[in-house]
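Structure first, then comments.
The values are calculated or read from the model by the stated rules, or taken from the named source; none is laboratory data. Quick caveat, the model's predicted, so the values are computed rather than measured. Note that each Cβ is placed from the backbone with ideal geometry, even for glycine, and that neighbours are counted across all protein chains shown. Surface accessibility is based on the protein's heavy atoms, side chains included, excluding ligands, DNA and RNA. Shrake-Rupley method; radii C 1.70, N 1.55, O 1.52, S 1.80 Å.
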Amino acid sequence: NAGVTQTPKFQVLKTGQSMTLQCAQDMNHNSMYWYRQDPGMGLRLIYYSASEGTTDKGEVPNGYNVSRLNKREFSLRLESAAPSQTSVYFCASSPGDFYEQYFGPGTRLTVT
Amino acid sequence: AQSVTQLDSHVSVSEGTPVLLRCNYSSSYSPSLFWYVQHPNKGLQLLLKYTSAATLVKGINGFEAEFKKSETSFHLTKPSAHMSDAAEYFCVVRSYSGGGADGLTFGKGTHLIIQP
């Protein structure tokens with residue numbers, strides 16, 4: 001099993017450009033999550049999907065949109081990138097509430 | 001709402017000596033608590049979890065943590081540090097608010113340095 005995979009690993013964007021971060025899991029988990037990690041801030045939840053077909057905002061959703069394409073895949077879209085979105089983005093999945101989350105390797109995004 | 005405070009941003013110990021990483025939490029409901037480790041330029045790996053069973057929880061790589069409700073603490077310990085333990089450690093809380101899932105709340109992290 002690959003676990004949680006993310007593409008791309010690295011990306012550089014110019015301000016105003018758009019892009020989609022891809023995430024997939026092969027563990028048949030119901031719940032999936034997107035976090036961002038900034039120095040000294042820990043991880044902060046952007047959006048989550050408790051099950052296929054549902055998505056909800058987390059702590060820092062502004063500037064992002066998500067799509068739960070099917071049970072395996074959960075994508076994060078930046079419609080108009082800003083330098084404040086420079087961060088490392090992690091996708092995670094979980095069997096459901098109160099279970100641990102399994103993390104992907106991360107995408108390092110720089111917006112200039 | 002829940003929150004997590006990791007009391008030390010950096011901890012430095014010598015190889016072979018004990019490790020203590022401190023974590024306090026607040027939660028309106030019975031929490032689930034986790035410790036994750038992140039090695040440089042890697043994703044996060046679960047070390048251990050507490051979900052209202054035994055209060056002393058054993059994890060991977062010799063780590064353990066004790067849930068103390070009266071102190072609202074969940075400190076991480078290891079009897080003898082190894083060079084490979086050098087990493088960032090995150091204390092994480094999740095509590096059920098009745099309004100549905102909302103992910104995990106992370107502490108800001110403790111950077112563990114192992115001196116040879």
Q | From the options A:Thr54, A:Thr110, A:Thr5, A:Thr20, residue that is of a type outside the set (Phe, Trp, Tyr), within 13 Å of chain B (Cβ to nearest Cβ), open to solvent by 20 Å² or more (accessible area, probe 1.4 Å) and assigned to a strand (DSSP E or B) | A | A:Thr5
**Q.** Residue ID - most open to solvent (accessible area, probe 1.4 Å), chosen from residues in the range A:31-49 that are at the interface with another protein chain (Cβ under 7 Å from one of its Cβ atoms) and over 20 Å from A:Glu73 (Cα atoms)
**A.** A:Met41
Q) Which of the residues belonging to the range B:13-50 are surrounded by 12 or more Cβ atoms within 10 Å (Cβ to Cβ), in contact with a Lys or Arg (Cβ under 9 Å, 6 or more places away or on another chain) and either assigned to a loop (DSSP other than H, G, I, E, B) or of a type in the set (Gly, Ala, Ser) (or both)? A) B:Ser27, B:Ser32
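Could you check the range B:63-90 and list, in sequence order, the residues that are more than 24 Å from B:Pro31 (Cβ to Cβ) and surrounded by 12 or more Cβ atoms within 10 Å (Cβ to Cβ)? Let's see the steps before the verdict.
Applying the first criterion (more than 24 Å from B:Pro31 (Cβ to Cβ)) to the range B:63-90 yields B:79-86.
Residues satisfying the conditions are B:Ser80, B:Ala81, B:His82, B:Asp85, B:Ala86.
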Q: Quickly run through the range B:9-40 and pick out the residues that are within 14 Å of chain A (Cβ to nearest Cβ), within 17 Å of B:Met83 (Cα to Cα) and over 10 Å from the mean Cα position of the chain (by Cα).
A: B:His10, B:Gln38, B:His39, B:Pro40
Q) Restricting the search to the range B:101-115, which residues are at pLDDT below 95 and either open to solvent by 30 Å² or more (accessible area, probe 1.4 Å) or of a type in the set (S, T, N, Q) (or both)? A) B:Asp102, B:Thr105, B:Lys108
(Q) I need a count of the residues in the range A:57-107 that are closer than 25 Å to B:Pro40 by Cα, more than 14 Å from chain B (Cβ to nearest Cβ) and not in a strand (DSSP E or B). (A) 4
